[in-house]
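Worksheet: one structure, shown below.
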Amino acid sequence: MRRNKKPKLAVWKFASCDGCQLSLLDCEDELLAVAGELEVANFPEASRAVAKGPYDLSLVEGSVTTPHDAERIHHVRRASKFLVAIGACATAGGIQALRNFREVKEFVALVYPTPAYVATLNKSTPIADHVFVDFELRGCPISKHQLLEVISAFLHGRKPNTPPHSVCLECKQRGTVCVMVARGTPCLGPATHAGCGALCPAYQRGCYGCFGPKETPNTAALARGWSRLGTTEPDLVRAFRGFNAYAEPFRRESIAHEQT
């Protein structure tokens with residue numbers, strides 16, 4: 001009897017730091033189980049061996065920032081039956097999306113001695129702005145546990161079960177005292193998607209919004225709460241312009257506090 005072939009997994013890199021790809025390698029013992037169920041066909045971060053597509057599951061890290069990548073993502077989409085965008089860069093443009101708020105040519109002229117040789121787009125944009133994405137997994141970097149859940153869901157033909165709630169619930173789950181209430185520390189936790197395990201509040205720091213805006217974030221109310229703590233308008237702009245600066249709720253709120 002002929003055995004069924006394993007589904008092919010491909011991991012792709014666009015403009016990013018590779019941190020989300022490393023989250024897959026950080027699975028360690030779990031990675032052996034993943035390798036047992038999937039053929040890792042294209043993963044340059046882990047191996048030079050490349051198997052031809054099409055691929056059953058593609059994990060795409062990074063944002064689209066160059067004309068070449070704007071074309072390449074369409075090739076990836078055509079070669080992939082199921083495509084998952086992983087990380088803040090792939091889902092919201094990443095930290096490099098800070099360029100979207102200014103004229104990119106000014107940055108290029110300041111950094112490079114010969115700007116004419118730099119081929120770049122005016123904006124850093126998420127993968128979903130260019131092709132259809134089957135699922136988005138947020139985080140900077142992503143949670144390896146959520147990544148394993150997404151892969152498991154794919155293998156079993158079901159929808160991934162990732163939490164829709166905010167970091168605040170994670171604070172409650174681990175018994176962490178609210179840093180805003182108890183210490184007056186500004187925190188993006190009420191508007192940020194869960195996934196990190198409330199890491200920063202556990203060390204008495206405010207959340208930096210690494211996992212991007214939750215499904216129904218009330219950023220305006222949160223900004224008013226920060227203002228009552230003494231946060232200035234420029235500080236509010238900087239707070240919402242972090243790893244997920246161009247995610248719509250954070251982008252809109254940061255613009256609302258820009259001084260004209």
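Values in this text are rule-based calculations from the coordinates and carry no lab data. Source: prediction; values computed, not measured. Backbone-built Cβ (ideal geometry, glycine too); neighbour counts: all protein chains shown.
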Exercise. Filter the stretch 4-27 down to residues that are out of contact with any helix residue (DSSP H, G or I) (no Cβ under 9 Å at 6 or more places or on another chain) and farther than 25 Å from T66 by Cα and give me whichever is surrounded by the most Cβ atoms within 10 Å (Cβ to Cβ).
Key: K8
Exercise. Hey, could you check the stretch 243-258 for residues that are under 15 Å from the mean Cα position of the chain (by Cα) and outside any helix (DSSP H, G or I) and say which is surrounded by the most Cβ atoms within 10 Å (Cβ to Cβ)?
Key: N244
Quiz prompt | Every pair of residues 6+ apart whose Cβ atoms lie under 8 Å, when the first sits in the stretch 15-32 and is free of Cβ contacts under 8 Å to residues at least 24 places away in the same chain while the second is surrounded by fewer than 17 Cβ atoms within 10 Å (Cβ to Cβ) and not in a helix (DSSP H, G or I) | solution = L25/E45; L25/A46
Exercise. Would you check if there is a residue in the stretch 206-223 being out of contact with any strand residue (DSSP E or B) (no Cβ under 8 Å at 6 or more places or on another chain), under 30 Å from P7 (Cβ atoms) and small (G, A, S)?
Key: no
Quiz item: What are the residues in the stretch 199-209 that are buried (at least 24 other Cβ atoms within 10 Å of the Cβ) and hydrophobic (A, V, I, L, M, F, W, C), if any?
Solution: C207
